[in-house]
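Some notes on the structure that comes next.
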Amino acid sequence: MHLLLQPSYTESFNMVTADGIAEGIPSVVSSAIDWLPDYFHADVDDVSSVARVGRHLLHDPHAAREGLQALKRYVYNGIASYREWLGA
């Protein structure tokens, strides 16, 4: 698999996207999945936008690495927030 499509209106984290990113597979997403770089985002009401973003991700040699960095940052910030909330 080379590309995932997850043009969800409401899923803000999305485990399928995170699993794909962890395996080095970029994903075309909506703005609801705000932890990924902006250039992974497509207008989910416009099939041309989804296709354009998908083509870009398929040809970008840095997309998989940048997606993984974004996922790691998101998880790190989440853990830090929980630690702060728990007073740890």
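Just so it is clear, none of the values below were taken in a lab; they were calculated from the coordinates. All values reported here derive from a predicted model rather than from experimental measurement.
Rg and Dmax of the chain, both derived from C-alpha coordinates alone, stand at 13.6, 47 Å. Computed from Cα atoms, the angle from the helix 47-59 axis to the main principal axis of the chain rounds to 80 degrees. The Rg/Rh ratio of segment 20-66, with Rg taken over Cα atoms and Rh as the Kirkwood radius over Cα pairs, comes to 0.94. Report summary: the helix-based calculation at 222 nm, which adds -39500 (n - 2.57) for every DSSP H run with n ≥ 4 and divides by the residues of the chain, gives -16500 deg cm²/dmol.
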